[in-house]
Amino acid sequence: MDADVIVVGSGNAALCAALAALDSGASVLLVDKADAALAGGNSRYTAGAMRFAYSGRDDLVGLLTDPDDPRLVDAEFGSYDETMFLADLVSFNEGAPATAEQRVLVDESFDTVRWLAAHDVTFEPIWDRQAYIVDGRHVFWGGLALAADGEGSGLVDSEMSAVVAAGGSILLETEVTGLVIDGGSVVGVQVSDAAGSHALSSSAVVLACGGFEADPDQRVAHLGEHWKEAKVRGTPHNTGTGLRLARDAGAAAHGRYDACHATPMDLHMADFGNLDLPHVERKNYRKICYFLGVMLNADGDRFVDEGRDFRNYTYAQFGAAVLEQPGGFAWQVFDSKIEPYLYEEYRFHDASFIEADSLEELVVRLDGVDQDRALHTVREFNRAVDRDVSFDPSIKDGKAARSVTPPKSNWAQTIDMPPFRAFPVTGGITFTYGGLHVGGEGEVLRGDGTAIGGLFACGELVGGVFLGGYPGGSGLTSGAVFGRRAGEGAARGAGLPRNGFP
Ligand SMILES: Cc1cc2nc3c(=O)[nH]c(=O)nc-3n(C[C@H](O)[C@H](O)[C@H](O)COP(=O)(O)OP(=O)(O)OC[C@H]3O[C@@H](n4cnc5c(N)ncnc54)[C@H](O)[C@@H]3O)c2cc1C
């Protein structure tokens, strides 16, 4: 045997599965088709933000790289308990109750983050994006307080170091093309590498090789025609191979294949994520300050309530909303009084934007947009803004524009102070929600609820975690929670001849 447990992928879910399997005494081999630059998958592209339930500051301080940071003294983290986390997930279920997977994610979130910290992954408060300075203190909002030190790259590098230190091996540029099945159980993988095609054998295989977001044909088949040209925010390698191999082996599909995480992105970004940039710049093609202004489509109309909720509850849905507009693009429009509140990504040296000293001049330069209608829309919006309520981005301030369609429910300010800026955006797909049905130990289930012997899955392959939407920072936590389960399950299952667990 090449290893007790083979893990397919080298992202956060794979590395957590590997760590858990190693902790359980199994020998572990990770295989990823990426080269060294792209190893770590989508997880490497992330901001490292992780959402988990916590009861207050004391739960957080012990996880930090620098627990003596002077800003901590006055910081207000509030609390974010299991009920709040579950309510946030369920708020996207379009009326459906909490799924079993959502309950697992919530219940194990804090314990799993502590487990990561015990493997030398440390965290930092997200000072700039998840907190506003109110009366000189950082006030955190939206249930998301910490990110891994060094963001996604830091997370993946720490996890890889921990895996290697615990005796795990990692094979890169090794694409898994098939499962080796013997007597109904999975006993290895078929791979393609520089040496050609050959098999690797193991007692259990954990699929942690992502969704189908990077495959245009599957995007069109499951999500719709307008997803064909979507930008891909992360790796080009997540093309749904793991899902296909598991389905071919009899696995049940589970969750929402017709929904995904997608975010407004610079219209002129590259077709895939930009790992060639330093990690602090990588996120700068994202454009998610729409809640501070308005978004206009080609018809010159607004099309979402930009202030419906805190942006980490809307940004993952609004990428799809942009792609659904004529031509699949929109312009985000701001005036100069909001400039200090815009994230760094709007000042990025490669950000696409136009600037003008009047709204009349601005609309002339909005490529592809009905200019008269755009001007009318912004003027009507300005007229509708509630001037009696104060603007406060640290809360849902109720400063609304209600008499326009759609209304803007919070943070509505008139767009009337020159210079004006407009940023062209499209939708960038982050990851897909449809996956496999896994049992309590990460074992992959058939439609009749029985386990496929030797086969486990985690990360983006787990269906039922996200249905109609996504509260920011949940993907990495989900990968860690279900990765840890699958790794422990695979280590326990290693050696069982067939049919998974007794
Ligand atoms: C730009 C961006 C920012 C994000 N920011 C955040 C954030 O801050 N917080 C958060 O919670 N989530 C964030 N996400 C979502 C997050 O990336 C995912 O939820 C999570 O990383 C998925 O982890 P994973 O291990 O399942 O998949 P990945 O990390 O994508 O790993 C899958 C791996 O499988 C490999 N692979 C694919 N097919 C094969 C094959 N046939 N053979 C071998 N290997 C294969 C790939 O090369 C890849 O390395 C972000 C995503 C992107 C793209």
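The values are calculated or read from the model by the stated rules, or taken from the named source; none is laboratory data. Because the structure is predicted, anything quoted here is derived from the model rather than measured. Counting neighbours? That spans all protein chains shown, and the Cβs are built from the backbone with ideal geometry, glycine included.
Here are some notes:
- Evaluated against (1) of a type in the set (Gly, Ala, Ser); (2) touching a residue at least 60 places away in the same chain (Cβ under 8 Å); (3) within 30 Å of residue 13 (Cα to Cα), residue 422 falls short on exactly one condition, (3).
- Restricting 31, 8 to those that are more than 28 Å from residue 469 (Cβ to Cβ), touching a residue at least 12 places away in the same chain (Cβ under 8 Å) and surrounded by 15 or more Cβ atoms within 10 Å (Cβ to Cβ) reduces the list to 31.
- Subset of the range 323-346 (residues that are touching a helix residue (DSSP H, G or I) at 6+ places or on another chain (Cβ under 7 Å) and buried (at least 24 other Cβ atoms within 10 Å of the Cβ)): 323, 330, 332, 333, 334
- Condition broken by residue 47, with the remaining ones in (1) at pLDDT 95 or above; (2) near the ligand (Cβ under 9 Å from one of its atoms); (3) more than 14 Å from residue 174 (Cα to Cα) satisfied: (1)
- Residue match in the range 77-95 (condition: assigned to a strand (DSSP E or B), more than 15 Å from the ligand (Cβ to nearest atom) and farther than 19 Å from residue 316 by Cα): no
- Residue satisfying all of: in the range 426-464; among the hydrophobic types (A, V, I, L, M, F, W, C) and closer than 18 Å to residue 320 by Cβ; farthest from the ligand (Cβ to nearest atom) among these: 429
- Within the option set 39, 98, being among the small types (Gly, Ala, Ser) and either within 10 Å of the ligand (Cβ to nearest atom) or touching a residue at least 40 places away in the same chain (Cβ under 8 Å) (or both) holds for one residue only, 39.
- Selected residue (criterion: nearest to residue 476 (Cα to Cα)) from residues of the range 439-448 that are out of contact with any helix residue (DSSP H, G or I) (no Cβ under 7 Å at 6 or more places or on another chain) and part of a strand (DSSP E or B): 445
- Test set (1) more than 13 Å from the ligand (Cβ to nearest atom); (2) more than 26 Å from residue 227 (Cα to Cα) - residue 467 fails condition number: (2)
- Of the strands (runs of 3 or more DSSP E) lying entirely inside the range 162-223, those carrying at least 1 residues that are more than 28 Å from the chain's Cα centre (by Cα) are 175-182, 185-193, 196-201.
- Selection status of residue 495, away from the ligand (no atom under 13 Å from the Cβ), within 30 Å of residue 268 (Cβ to Cβ), assigned to a loop (DSSP other than H, G, I, E, B) and modelled with pLDDT under 95: no
- Of all the criteria given as (1) among the small types (Gly, Ala, Ser); (2) surrounded by fewer than 20 Cβ atoms within 10 Å (Cβ to Cβ); (3) more than 20 Å from the chain's Cα centre (by Cα), the one not satisfied by residue 18 is (2).
- Test: residue in the range 418-425 that is within 27 Å of residue 323 (Cβ to Cβ), part of a loop (DSSP other than H, G, I, E, B) and in contact with a helix residue (DSSP H, G or I) (Cβ under 7 Å, 6 or more places away or on another chain): no
- Taken together, 61, 106 contain a single residue that is more than 16 Å from residue 488 (Cβ to Cβ), more than 11 Å from the ligand (Cβ to nearest atom) and without any contact (Cβ under 8 Å) to a residue 12 or more places away in the chain, which is 61.
Let's see how each residue does on (1) surrounded by fewer than 24 Cβ atoms within 10 Å (Cβ to Cβ); (2) in contact (Cβ under 8 Å) with a residue 24 or more places away in the chain; (3) more than 25 Å from residue 8 (Cβ to Cβ):
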position	(1), (2), (3)
222	yes, yes, no
229	yes, yes, yes
234	no, yes, no
246	no, yes, no
265	no, yes, yes
269	yes, yes, yes
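- Which numbered condition residue 444 fails, given (1) surrounded by 24 or more Cβ atoms within 10 Å (Cβ to Cβ); (2) within 15 Å of the chain's Cα centre (by Cα); (3) modelled with pLDDT of 95 or more: (2)
- When residue 225 is tested against (1) in the same structural domain as residue 487 (by TED's automatic domain parsing); (2) more than 10 Å from the ligand (Cβ to nearest atom), exactly one condition is not met: (1).
- The criterion of being within 14 Å of the ligand (Cβ to nearest atom), assigned by TED's automatic domain parsing to the domain that holds residue 476 and acidic (Asp, Glu) holds for residue 128.
- Among the residues making up the range 248-295, those that are over 15 Å from the mean Cα position of the chain (by Cα) and part of a strand (DSSP E or B) are 251, 253, 254, 266, 294, 295.
- When residue 422 is tested against the conditions (1) at pLDDT 95 or above; (2) more than 25 Å from residue 268 (Cβ to Cβ); (3) touching a strand residue (DSSP E or B) at 6+ places or on another chain (Cβ under 6 Å), the lone failure is (2).
- Contact annotation: residue pairs with Cβ atoms under 6 Å, 6 or more positions apart or on different chains, pairing a residue in the range 131-149 that is under 22 Å from residue 121 (Cβ atoms) and assigned to a strand (DSSP E or B) with a partner that is at pLDDT 95 or above and small (Gly, Ala, Ser), are 147/48; 147/49; 148/48; 148/154.
- Here is the figure for the range 13-36: residues that are in a helix (DSSP H, G or I), near the ligand (Cβ under 8 Å from one of its atoms) and more than 21 Å from residue 147 (Cα to Cα) total 0.
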